[in-house]
Amino acid sequence: MMQAVSDREFILQRVVRILAESADASNDSNLVLQLALTELVKQVMRELAQDTEADYLQGNLLSQALQTTTQLIQERVETADLPFDLSPYFERIYRSQRWVAKEMTELGLRLRQAQQGEVLRSPTVVLDAPVSFRVTELGTRGTPKGLIAYPLTACHLNLDEIRQEYRVRGLGYPWEVEVEEITFVVEADGSIITFLEGFPDSVIEQARSALNQLAQDLYEPIEGG
């Protein structure tokens, strides 16, 4: 289960800690460092893709994320006086994450288009759930184009249960969850998004109901919270 918070700083600190603790950090054979760097680049990509002013979403998301990640690490390692030659790691990340970057780019563009429309209805707040959440309907000229659900308090994302109960695609965020042939996208911050442009009213109502149930299954309270 994953906590529904953006965690770039946590991953960045982990990368710097690995660099400080590992004598092999300067070569290209540290698997732990490779995995941590990959997660950091993916987190940076998510943040860039959600930037509504981003003009680098046109095919340059991965390159921009690699550049930003390099700058973030450079600032930290210079302060700590650590070795810094991660080019072999970034080359592997570039090869392995191109498909993920393409998906994030498409999602970011579609979400930005939906957000440029008007809010068709006042957001609905669901309180009678393990974790309260808000559902916002977006569209233009009275035509629904998307639904977005978001938890109102910090929570865990219960992906273990979701994988058992739903059809899930993806090796990392964003996840795609299919419910009755409707695709929902789950982001690392806990938001659930579905795009409805061109669907008939009956499917839109079906999507509202499915989104409500998916959010209740996905969001889990933090123990002691």
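The values are calculated or read from the model by the stated rules, or taken from the named source; none is laboratory data. What you see is a predicted model; the values in this text were computed from it and never measured. Note: ideal-geometry Cβ built from the backbone for every residue, glycine included; neighbour counts use all protein chains shown.
Listed conditions (1) at pLDDT below 85; (2) surrounded by 12 or more Cβ atoms within 10 Å (Cβ to Cβ) are all met by GLU21, apart from (2).
Among the residues of the stretch 162-181, write down those that are surrounded by fewer than 13 Cβ atoms within 10 Å (Cβ to Cβ) and more than 25 Å from VAL41 (Cα to Cα). Hits for the stretch 162-181 are GLN164, ARG167, GLU180, GLU181.
From the list VAL185, VAL168, the one residue that fits, being outside the structural domain of ARG8 (by TED's automatic domain parsing) and touching a Pro at 6+ places or on another chain (Cβ under 6 Å), is VAL185. Scanning the stretch 175-197 for residues that are more than 17 Å from ARG134 (Cβ to Cβ), in a loop (DSSP other than H, G, I, E, B) and touching a Lys or Arg at 6+ places or on another chain (Cβ under 9 Å) gives ALA188, LEU196, GLU197. Each residue in the stretch 197-225 was checked for being polar (S, T, N, Q) and either over 16 Å from VAL125 (Cα atoms) or not assigned by TED's automatic domain parsing to the domain that holds SER132 (or both), and 2 pass.
Please work out which residue is modelled with the lowest pLDDT, limiting yourself to the stretch 143-174 and to residues that are assigned to a strand (DSSP E or B) and touching a helix residue (DSSP H, G or I) at 6+ places or on another chain (Cβ under 7 Å). Only one residue fits best here, namely PRO144. For the stretch 101-119, the criterion of being surrounded by fewer than 16 Cβ atoms within 10 Å (Cβ to Cβ) and modelled with pLDDT of 85 or more is satisfied by no residue at all. Scanning the stretch 131-142 for residues that are at pLDDT 90 or above and part of a loop (DSSP other than H, G, I, E, B) turns up VAL131, SER132.
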